[in-house]
Amino acid sequence: MSWFKRQGNTIESGVEKSVRTEGLWFKCEGCSQVIWKADVEANQQICPKCGRHYRIDARARIEALLEPGYELVDLELKSTDPLDFSDLKSYKSRLKKAQESTGLNDAIVNATGMLGKHRVVLSVMEYSFIGGSMGAVVGETIARAVDRAIADRLPLIIISASGGARMMEGIVSLMQLAKISAALGRLDELRVPYISVLTDPTTGGVTASFAMLGDLNIAEPGALIGFAGPRVIEQTIRQKLPEGFQRSEFLLEHGMLDAVVDRRELKSYLSRALDFMQPV
Amino acid sequence: MTQQAAKVEQTGTGTPEQVRAAAEPVLPRWQKTELARHPQRPDPMAFIESIFTDFSEIHGDRAFGDDPAMSCGFARFQGQEVMVIGNVKGRTTKEKVFRKFGMPDPEGYRKALRVMKIAEKFNRPVFTFIDLMGANPGLGAEERGQAEAIARNLREMSRLRVPTIATITGEGGSGGALALAVADRVLMLETAIYSVISPEACASIMWRDASKRALAAQALKATAEDVKALACVDDVVPEPGAGAHTAPEEASRLLSEKLAWHLSELKALPVEELLARRYDKFRNIAQFYTA
């Protein structure tokens, strides 16, 4: 005879009782300390202990820089796969997968809105979409951002995060470098401000075109920035690359950047720069 | 596949080159890539020497050094004063090493831009000739801003106030080639290639195996015919026989004819019209998307 008798059989046991603990903490790549993930998320993906900058997606970036009420624009373009490219997988299937996982049509988001008291055109690359690579859609979307800046004489800010040109679009992707650079030439002639922000990573054809053509070229700390990838250079020169090679601080030291700016200071830095660049 | 290649494939014997050739599928675009890189193919300087007269070289970027992989200077084209720019590959092994196999460093691109500005000042047309695998990937190149040098050339060439004609004579390798090719007219020799990445690099990234280069070449569609079909170049220059290397003089003559025709067209345009057309061409180039 038991001490207690079950009165009814209403308890459901279908729900597994477990507390999710995995992935709440992680070891910071910068300082090797164990960090609570929510602390990093609340801090614009920056380690609160050492300040290491983790990658941030395009929409979060826009949210952090523009005042509420901004507008996302030029989102409608989709690649037509000009080469009908296929390697181990088809480019079409890669595109589809990236579109599903990011909810974007391609690796770029344009927005217009207020940055502090300045109305701006903001174009942000999305690294998680096929490595932020630039094909016809990214090229045209950035060119349209330049066109908007030209039409309304609005300052342009482009935030790069890209492995370079999208090789699955072959020569078509290379032509985007020329397209955007030509448009920026026109913007420059009209004396409309253009600030380029380079984030981790910015390499290849993106660095070798619009990312280096700003009135100011600024970068986030510790970002990989270069033309040739570090592996290609190592293979070519057959020696180990020095510590910190092609990082923001290295470029600053070699005179290639105007400033290295912490993500938490980025908005106030941009706002200050735009004050200076207002027409008088 | 040739008979000999078939035999090599069956028996597995032959010289290492023959065995390698047999292992590689015969794909038309890869064959053109090999022609574009043919060791006897005239390099940009060879074309410059036979098409122009009185070439007088201008050295140095006024900032760091003189890039041996890039040669610039004033010359005469059918009696007219013009500026000529071409990369130099070198012919002997020793010279190839000195010329860095034709791959320019930032100072090469800066020198090219400097002479373009001289041409602009004195209102002389600019001709560029390109046959390079790409910009030099090296430690020093990165330190001195390879990306910035290329980017600046793209922007400045798009608004240079004189007629510009670029010719890809062999291999047009990515940003390093484009940095000399934002021109009013971009020509390609018939067996030249113009690509965003070399077949080898593409194969090692996408197939994780550099020996799949023939497949990569096939997928990249970088032959003159393909690039013209994608409207990324303006004109294709025919080559004699089995390629420019079989009859270099005739190849030069055919190119010279095309250059003269394009130059006369460009010279007939007022400068503002010239610039507007160049801008519109590049602004509307390679539009492969749906709204």
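A short reminder: the numbers here are calculations on the coordinates, not readings from a lab. Everything quoted here is computed from the prediction, not taken from an experiment. All Cβ positions, even for glycine, are placed from backbone atoms using ideal geometry, and neighbour counts span all protein chains on display.
Rounded to the nearest 5, what % of the DSSP beta bridges within the protein assembly as shown are antiparallel ones? Don't skip to the answer; put the middle values down first.
Numbers: 32 of 70 bridges.
Close to 45 percent.
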Peptides ranked, highest mean first, by Cβ atoms within 10 Å: ranges B:269-282, A:174-187: A:174-187, B:269-282
List B:Trp30, A:Trp36, B:Trp207, A:Trp3 from most exposed to least, where exposure is judged by having the fewest other Cβ atoms within 10 Å. A:Trp3, A:Trp36, B:Trp207, B:Trp30
Tally the DSSP beta bridges in chain A and give the antiparallel ones as a percent, rounded to 5. 50
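Any number yet on Rg/Rh for segment B:32-99, C-alpha, Kirkwood?
Numbers: Rg = 13.5 Å, Rh = 13.2 Å.
In segment B:32-99, Rg relative to Rh is 1.02.
Enumerate by residue number the trypsin sites (Lys or Arg not before Pro) in segment A:62-123 meeting two conditions: DSSP loop (anything except H, G, I, E, B), and at most 14 other Cβ atoms within 10 Å of the site's Cβ.
Numbers: sites: A:Lys78, A:Lys89, A:Lys92, A:Arg94, A:Lys96, A:Lys97, A:Lys117, A:Arg119; in loops: A:Lys89, A:Lys117.
Those satisfying the criteria are A:Lys89, A:Lys117.
Just counting partner chain Cβ atoms within 10 Å, what average do the residues of peptide A:77-85 show around their Cβ?
Working: counts 5, 3, 3, 4, 1, 8, 7, 2, 5.
Averaged over the peptide's residues, the number is 4.
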Would you compute, from DSSP H runs of 4+ residues alone, the mean residue ellipticity of chain A at 222 nm, taking -39500 (n - 2.57) per run and dividing by the full residue count, rounded to the nearest 500? -10000 deg cm²/dmol
If A:Ile150, B:Ile150, A:Ile233 are placed from fewest to most neighbouring beta carbons inside 10 Å, the sequence is A:Ile150, A:Ile233, B:Ile150
Could you name the lysines whose alpha carbon sits less than 26 Å from that of B:Lys96, not counting residues in the same chain fewer than 8 places away? A:Lys240, B:Lys32, B:Lys111
If you build a Gaussian network model of chain A, linking Cα atoms that sit under 10 Å apart, which residue out of A:Ala60, A:Ala211, A:Ala165 swings the most? A:Ala60
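Quick one: of A:Lys97/A:Lys117; B:Lys258/B:Lys281; A:Lys27/A:Lys97, which pairs are farther than 27 Å apart, Cα to Cα?
The pairs that break the limit, which is 27 Å between Cα atoms, are A:Lys97/A:Lys117; A:Lys27/A:Lys97.
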Tell me which chymotrypsin sites (Phe, Trp or Tyr not before Pro) from segment B:87-165 have a DSSP coil assignment and no more than 12 other beta carbons within 10 Å of their own. B:Phe122
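Could you work out, residue by residue across B:198-205, how many beta carbons of other chains sit within 10 Å of that residue's beta carbon, and then give the average as an integer?
Numbers: counts 0, 0, 0, 3, 5, 1, 3, 4.
The per-residue average across the peptide is 2.
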Where in segment A:204-265 are there trypsin sites (Lys or Arg not before Pro) that are in a DSSP coil and have at most 15 other Cβ atoms within 10 angstrom of their Cβ? A:Arg238, A:Lys240
For B:Lys228, which aspartates and glutamates qualify as cross-link partners when the Cα separation must be under 13 Å and same-chain residues fewer than eight apart are set aside? B:Glu190
Mind checking A:161-172 for the average number of partner chain beta-carbons within 10 Å of each residue's beta-carbon? 6
Quick one: A:Phe85, B:Phe64, A:Phe210, A:Phe4, fewest Cβ neighbours within 10 Å first, how do they rank? A:Phe4, B:Phe64, A:Phe85, A:Phe210
Explain nothing, just the number: dipole magnitude of segment A:18-165 about its Cα centre with +1 on each Lys and Arg Cβ and -1 on each Asp and Glu Cβ, in debye rounded to the nearest 20. 360
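Relative contact order for chain B: what percent, with Cα pairs under 8 Å and sequence separation of 6 or more?
Values: 548 pairs, mean separation 47.8, N = 291.
About 16 percent, as a whole number.
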Calculated [θ] (222 nm, deg cm²/dmol) that DSSP helices of n ≥ 4 give over chain B, each run adding -39,500 (n - 2.57): -13000 deg cm²/dmol
With everything on Cα atoms, drop me the angle between helix A:263-277 and the longest principal axis of chain A, reported from 0 to 90° to the nearest 10. 30
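Please compute the Kirkwood hydrodynamic radius of segment B:154-291 from all pairs of different C-alpha atoms, in Å with one decimal.
Numbers: mean 1/r = 0.0615 Å⁻¹.
Roughly 16.2 Å, rounded to one decimal.
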Nearest 10 degrees, 0 to 90: what angle lies between the long axis of helix B:146-158 and the longest principal axis of chain B (Cα atoms)? 60
